Amino acid sequence: MTLEEKIKNAIRDIPDYPKKGIIFKDITTVLNQGDLFSEIIDHFAGKYQNIDFVCGIEARGFIFGAPIAAKNKKGFVPIRKKGKLPSTTVAEKYALEYGFDEIEIHIDAFRNIKNPKVLIVDDLIATGGTAEAAVKLVRKLGAEVVATAFLIELTFLEGAEKLRNMGIKVDSLVKF
């Protein structure tokens, strides 16, 4: 069985969550299978060795990003919601269905390394707003986004296309 098939078989669908008409893709049933979780981390770590940092988008991006960084002995940088990081930050707003939200990164996240190469990781790409804002944040700090990596891509929402239109590689293990 391929990695994609294993992941698809492990994901649990939750109908009408968080609201009626939505089928939520629950990844806790992937995470609690140690061999599968390890295989996912090994997959991404093997593909992205020639980077300087892994950025994980709050919160589930931390679950995948930190072990990828540790496996490759690279730094991990959290991208968090506004007001959650303790030092000086730079921020980027993005649109939600109703209104806006904002994410931040520490201004010194890349430890003054010139032109660092960065992998941005999250569990899922849907409309792409958060991932697009993360790319903009990383670029504001002078880093090159080598790729974005996601466990799941919801293709019908076309969020990955936003990133591709910015010249960003999108690497998704499973597409729905």
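Any read-out appearing in this document is the output of simple, stated calculations on the displayed coordinates, not a laboratory observation. Because the structure is predicted, anything quoted here is derived from the model rather than measured. Please note: Cβ atoms are built from the backbone with ideal geometry, for glycine as well, and neighbour counts cover all protein chains shown.
Summary table below
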read-out	value
Mean-position separation - Cα centroids, region 143-163 and region 36-74, in angstrom	15 Å
Cross-link pairs beyond the 25 Å C-alpha cut-off, checked among K84/K169; K140/K169; K117/K162; K47/K117; K84/K140	K84/K169
Reachable aspartates and glutamates from K8, criterion Cα separation under 18 angstrom, eight or more residues apart if same chain	D26, D35, E39, D42, D122, D123, E153, D171
Residue-averaged 222 nm ellipticity for the chain, from DSSP H runs of 4+ at -39500 (n - 2.57), nearest 500	-9500 deg cm²/dmol
Cβ-derived FRET efficiency at R0 22 Å, R60 paired with E102, nearest 0.05	0.75
Debye, to nearest 20: dipole size of the chain, +1 on Lys, Arg Cβ, -1 on Asp, Glu Cβ	480 debye
Residues H106, H43 arranged by fewest to most Cβ contacts within 10 Å	H43, H106
For region 79-94, Karplus couplings with θ = phi - 60° (6.51, -1.76, 1.60), whole Hz, Gly/Pro x	10, 10, 5, 3, x, 9, 9, x, 10, 5, 10, 10, 10, 9, 8, 8
For peptides 47-54, 128-135, 29-36, sequence by mean Cβ density within 10 Å, most packed first	128-135, 47-54, 29-36
Separation of the N165 and I14 label points, Cα + 7 Å toward Cβ, nm	3.1 nm
Highest to lowest packing among 7-16, 69-78, scored as the average C-beta count within 10 Å	69-78, 7-16
Whole-number Å³ per residue for the convex hull built on Cα positions in region 1-96	143 Å³
Amide H contacts under 5 Å for K169, placed H, 5+ residues apart	T148
For region 48-59, Karplus couplings with θ = phi - 60° (6.51, -1.76, 1.60), whole Hz, Gly/Pro x	10, 8, 8, 10, 9, 8, 10, 9, x, 8, 3, 10
Rg(Cα)/(2.2 N^0.38 Å) for the chain, N = residue count	1.00
